[in-house]
1. Report the Cα centroid-to-centroid distance between region 199-270 and region 297-325 in angstrom, as an integer.
2. Any idea how far apart M128 and A284 come out in nm if each label point goes 7 Å out from Cα toward Cβ?
3. To make sure I understand, if each residue's beta carbon is the centre and we count other beta carbons within 10 Å, what order do M128, M117 fall in, fewest to most?
4. Want the number for E71 to E135: 0.36 nm per residue separation, take away the alpha-carbon distance, what's left?
5. R201 to E155: FRET efficiency via 1/(1 + (r/R0)^6), r the Cβ-Cβ distance, R0 35 Å, to the nearest 0.05?
6. Based only on other Cβ atoms within 10 Å, what is the fewest-to-most ordering of S218, S192, S288?
7. Pop a pseudo-label 7 angstrom from the Cα along the beta-carbon direction at both R231 and E24 and give the gap in nm to one decimal.
8. Using only Cα atoms, tell me the angle between helix 222-233 and the longest principal axis of the chain; keep it within 0 to 90° and round to the nearest 10.
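No value in this document is a laboratory result; all are computed from the given coordinates. On a predicted model such as this, the values are computed, not experimentally measured, just so you know. FYI the Cβ positions are ideal-geometry reconstructions off the backbone, even for glycines, and counts take in every protein chain you see.
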Amino acid sequence: MTGEHSGKHRGPAQRAVPRLIRYENGITAVDAQYVRVGLAAVHIIEHKGKAAFVDTGANHSVPYLLAALQELDLAPAAVEYVFLTHVHLDHAGGAGQLMRALPNARAVLHPRGAPHMIDPTKLIAGSMAVYGEAEFQRLYGELVPIAADRVVVTEDGQQLSLAGRVFEFLHTPGHALHHQAIVDVASRGIFSGDTFGLSYREFDTARGPFIVPTTTPSQFDPDQLIASIDRLQGRAPDAIYLTHYGRVRDVPRLAAQLKSQIGQFVEIARRHAGQSNAYERIQAEMRSLWLRLLREHGCTLPEAQIDELLGGDLELNTQGLVSWLKRTA
């Protein structure tokens, strides 16, 4: 889950024009146009005339996803799966609405996440507690449930086939207990949801991508997250496809950066545990850490632009660390 950024959504009279990045191996990133361009990607995997989505964005993303199918010459009936990495609403808020348009698709979910897509009542309440009712309505609108008979619940290590192309589902807690990553066995690609962090293309330099962990509320666990990152790295992936945002390579370097930052986040949080202004101090130190790391990475963007790009994540990461401190006190 990412943060609260300002932005305007597509008006009802405007045609949905998809923004696509076409990779090899039949993989296409579609901008979900969630809050801003370049924040959230939905991936379409095409193989032998069949297709699968990985994540869906929010309800207002759905017209862009259907337009992307059309641009890729894929009929909605060709989509066999909607793989959901987890049910945070920037990843799965549009799943019910999208499924209505895909007559043959099944939604594939972690067992902890599946009940919340079948009956989203608790998911709505939890998200409203984070965002507030007005912001929730602006970002997500009315969540559409998915019929139970259209849901596939995964076991850790389970495999599914898309026209003979094998995908393996790894349960990867740390960001959320109901999180799973999807391994594309043939291409050695992994669709990591939020387990492998966030890497916005605006921060790319000659040194490559810059990456940060996402420690959002309410289930962040640093030990679990580091173990999950190690598990993904241990598959020796050729590429990792992030929801935020798109394909990254150089996986060992990025994994090391993620784990280092998680350790520093924990130190920052513990240093301010119990203080009356702990939230503000944790947030300020995390911002300073990111600014320093970005400058070391060669990023020359002005601080105001960095704050605009990372401000929502900074807010939610701080909430996650404070929530973790309370659970472990």
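1. First find each Cα centre; the distance between them is then 14 Å.
2. Taking the two extended label points, one gets 3.5 nm.
3. Numbers: M128 15, M117 25.
Sorted ascending by nearby Cβ count, the order is M128, M117.
4. Working: separation 64, 0.36 × 64 = 23.04 nm, distance 3.18 nm.
Result for the pair: 19.9 nm of gain on full extension.
5. Values: r = 34 Å, r/R0 = 0.99.
That gives a FRET efficiency of 0.50.
6. Values: S218 15, S192 27, S288 11.
The most exposed by this proxy come first: S288, S218, S192.
7. Each label point lies 7 Å from its Cα, and together they span 2.8 nm.
8. 50
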